[in-house]
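The values are calculated or read from the model by the stated rules, or taken from the named source; none is laboratory data. All values reported here derive from a predicted model rather than from experimental measurement. For neighbour counting, all protein chains shown are included, and Cβ atoms are generated from backbone atoms with ideal geometry for every residue, glycine included.
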């Protein structure tokens, strides 16, 4: 009976037909009635992105010294506590080839895909976090999780390609609810058990997926690609359910807090200072409890709308309209905003580093890729894009270096990260940004 | 059982017979065709999907309320849309469903299905099972095909019913509960692509000419007019082929337009066209403008929608007056923002600004003024670009990459007002072409600050509100309003946007010829919105579709 094939498979539990009314739970418990024992697999390596708009001020962030002994420049100061776990990349090129420099877009897209974008506000391929998730996320509940501290779910630089950005959770409460609300079972508690409801939901998804061929059959090319995306999303929901039936193996000693209160989430800096650390904390907990292995956090859109109440100019306006201070040689108010944003970045590193697990912290078992859209926002320059990478990737990445101005395309960083995350590929990026050489010195 | 009529019982018997024959593994063989009169001829024809639009949040909510009743709660997040050619509606033809979006759809589907199969709701279902602890395929099929027809906006195919009935039976059996099984069958329909996407299917009418099939016509009309799924009468008109005749179409169009629900459809359109959704993420500087609150933001949006709908539908007014009218609606918090006393007891009061208020239509409402400003100051450029884009369909190109805007900001220097500062860089030739395009509009609105309050001076200097655009000189917002009122580009832009909105197309790609006849009727009527709508949807080409690119691609679908 063809239509029922997947349904029956989904409903099968250790050879017995669950749909026949066998008690669901029995097949998940071992002989002592405890949840199945851990398999002793090593901790997964996690991937994070941190997006901030408008770059930094080159005079203030680029260390003069390259290599291991680089100095903490004024704009790197907020990251000082993580110096030994940080790699700083300066002098990266962003060759756009024949495509226009889409302001506040080309740089960000190049960093995230290794491809000079052909359309504004669209990525020409999956973003790096999605490419990595394809390889590392199997078994985690959520393939990726994104959060936007400024309260707009469109502030997401995680994409399946084209205009299909993954919506970001726009508040700590919505992030919490997604991670630790319905469907979450606390693996830090002793009474973890699989929820039989999950198996039923799996059979519903199977029924939906079984209609794929019929739905796809009279669509044009573009709509077929869209429908294919829909069914890929159905498949991911099935995998999520599969993951929910397994107790996550965790080593961190953490407790899941109560749900956070509703908070004002917008571009006002004081609000961002409250929201960002909270989102970072929730993301870190999600990684530690293996709810996801890829966490993306943004604090603004590329033309950052961040503003300080009382100052009539926002961050983005300031980059274009503040005169260069002749004595200093840069825009002082912009430099302050740059620093403010680095302080927000530091809160993510702090939260990741504050959760011990195994032989280190969550940060040690992660890579964190911080990227931006402009190197010099005032004139929309992209060459010299500031890129910061933190975390040791479970020992696969050496840290504590300033990789200075060798003129490599920004995609070389991406390729290095993909390699460190165990993605099997030899070449990444397109056109002048196509690279085959990762920073081998950084890989162990 | 007593509440069922004989007619329902015999239909039920038909279902039982059909389901049994289907499920006894005769598959889709002829025995199953007994119920063909009830199921769709849809799949059997040569129809092709020519457009696929993801339901918007509002369309989804309205559809669920119409299909199951307003008591059904819909709780969940919807994926954001983007604006293409000035309309979010256009992006629904481009966007798909991401994993995050589907997760939300699947959760909402289950939550709705739980409510619909819950004890409180059961009496509303078209049948009850023979025994509540056992599967009943006949009743299941009847219920699911009844709601499925409304959800999919066409009758379900036999395969679709069989798939959902199968699922329900298996789960009803394993849980010894008919309604538990029904819940999942229902949930499977609620998250199916045929519900989540509005599929527009077309059939060939000539060599290269295709036209929307009757159900797709009903769907397009209904979401345009009511922002919701077609009602029973409209589906029946589609079924009987009435929407393919001029008289039948006109009858339904008149009915849809006579309903007060037209307000809902047009509110959604104007919300999209006026970009009022961007208001949801606007933040204002709480130190410089402590008066501003999220309450004011929501009220300002409502003010603009009320003004627009009142003019367009309730007064059957001249749409050009949207640029000039001083009539509006205020609530208490808005009155405070406008510095007007609020002696009214109710929530909203009609109000007319005095002639010397400087106000001019929606252009000077708090919504438009605040949306297109910075958090702490007004922005003539943003306002100018928005007016050009929204009302004249003339998008402004992006500024060049390497512009030095610094002089614009130096408020301590000799350039006191925004105008002087803007002019300083608008005299540079690379900048001038665009700034001359949009700034005059914004500068004439400088008499209002970032939250829409009137002002006379900026940094101690009297504000100059004169402007010159496309060879016409005018002063202040009222001058701008009159300029737009008299500009045929504005009314043509409105017609273009309605057309693109209803078809889910990029307004910039729509040829003027597509809505020419509709525009002529619009103009002849003295720019009445109803004339525009009616003539547009009754135009002979409104439901035409380009020939699909592939004739029979079924064989190319790879197995997953």
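Per-structure values
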{"item": "Residue check for residue B:58: more than 14 Å from chain A (Cβ to nearest Cβ), at pLDDT 95 or above and more than 30 Å from residue B:507 (Cβ to Cβ)", "result": "no"}
{"item": "Out of B:140, B:106, B:98, sole residue that is surrounded by 23 or more Cβ atoms within 10 Å (Cβ to Cβ) and more than 11 Å from chain A (Cβ to nearest Cβ)", "result": "B:140"}
{"item": "Residues of the range A:377-410 satisfying the condition of being within 14 Å of another protein chain (Cβ to nearest Cβ), part of a helix (DSSP H, G or I) and crowded, with 23+ Cβ neighbours inside 10 Å", "result": "A:377, A:378"}
{"item": "Unmet criterion (only one of (1) at the interface with chain A (Cβ under 9 Å from one of its Cβ atoms); (2) on the phi > 0 side of the Ramachandran plot) for residue B:86", "result": "(1)"}
{"item": "Residues (under 24 Å from residue A:376 (Cα atoms) and in a loop (DSSP other than H, G, I, E, B)) located in the range A:411-444", "result": "A:429, A:430, A:434"}
{"item": "Residue satisfying condition, being farther than 18 Å from residue B:362 by Cβ and modelled with pLDDT of 95 or more, within set B:554, B:545, B:523, B:467", "result": "B:523"}
{"item": "Residue in the range A:107-116 that is at the interface with chain B (Cβ under 10 Å from one of its Cβ atoms), over 16 Å from residue A:48 (Cα atoms) and out of contact with any strand residue (DSSP E or B) (no Cβ under 7 Å at 6 or more places or on another chain) present", "result": "no"}
{"item": "Qualifying position, being touching a helix residue (DSSP H, G or I) at 6+ places or on another chain (Cβ under 8 Å), on the phi < 0 side of the Ramachandran plot and touching a residue at least 60 places away in the same chain (Cβ under 8 Å), among B:283, B:379, B:357", "result": "B:379"}
{"item": "Enumeration of residues in the range A:346-362 that are out of contact with any helix residue (DSSP H, G or I) (no Cβ under 7 Å at 6 or more places or on another chain) and over 16 Å from residue A:282 (Cβ atoms)", "result": "A:356, A:358, A:359, A:360"}
{"item": "Every residue from the range B:447-467 that is touching a helix residue (DSSP H, G or I) at 6+ places or on another chain (Cβ under 6 Å) and closer than 20 Å to residue B:389 by Cβ", "result": "B:448, B:452, B:467"}
{"item": "Qualifying positions in the range A:210-229 - more than 7 Å from chain B (Cβ to nearest Cβ) and touching a residue at least 12 places away in the same chain (Cβ under 8 Å)", "result": "A:228"}
{"item": "All positions within the range B:172-193 that are under 37 Å from the mean Cα position of the chain (by Cα) and facing chain A (nearest Cβ under 7 Å)", "result": "B:184, B:187, B:188, B:191, B:192, B:193"}
{"item": "Residue in the range A:256-266 that is in a loop (DSSP other than H, G, I, E, B), crowded, with 16+ Cβ neighbours inside 10 Å and at the interface with chain B (Cβ under 8 Å from one of its Cβ atoms) present", "result": "yes"}
{"item": "Odd one out for residue A:232, checked against (1) in contact with a helix residue (DSSP H, G or I) (Cβ under 9 Å, 6 or more places away or on another chain); (2) facing chain B (nearest Cβ under 10 Å); (3) more than 21 Å from residue B:162 (Cβ to Cβ); (4) buried (at least 18 other Cβ atoms within 10 Å of the Cβ)", "result": "(4)"}
{"item": "Positions within the range B:173-192 being touching a helix residue (DSSP H, G or I) at 6+ places or on another chain (Cβ under 6 Å) and more than 23 Å from residue B:76 (Cα to Cα), in sequence order", "result": "B:174, B:178, B:181"}
{"item": "Hey, residue B:326 surrounded by fewer than 21 Cβ atoms within 10 Å (Cβ to Cβ), more than 15 Å from residue B:364 (Cβ to Cβ) and assigned by TED's automatic domain parsing to the domain that holds residue B:364 or not", "result": "no"}
{"item": "Tally, over the range B:474-497, of residues that are more than 11 Å from residue B:320 (Cβ to Cβ) and not in a helix (DSSP H, G or I)", "result": "2"}
{"item": "Selected residue (criterion: nearest to residue A:59 (Cα to Cα)) from residues of the range A:307-345 that are in contact with a strand residue (DSSP E or B) (Cβ under 8 Å, 6 or more places away or on another chain) and either within 13 Å of chain B (Cβ to nearest Cβ) or outside any helix (DSSP H, G or I) (or both)", "result": "A:315"}
{"item": "Boolean, residue B:276 is outside the structural domain of residue B:451 (by TED's automatic domain parsing) and within 30 Å of residue B:536 (Cβ to Cβ)", "result": "no"}
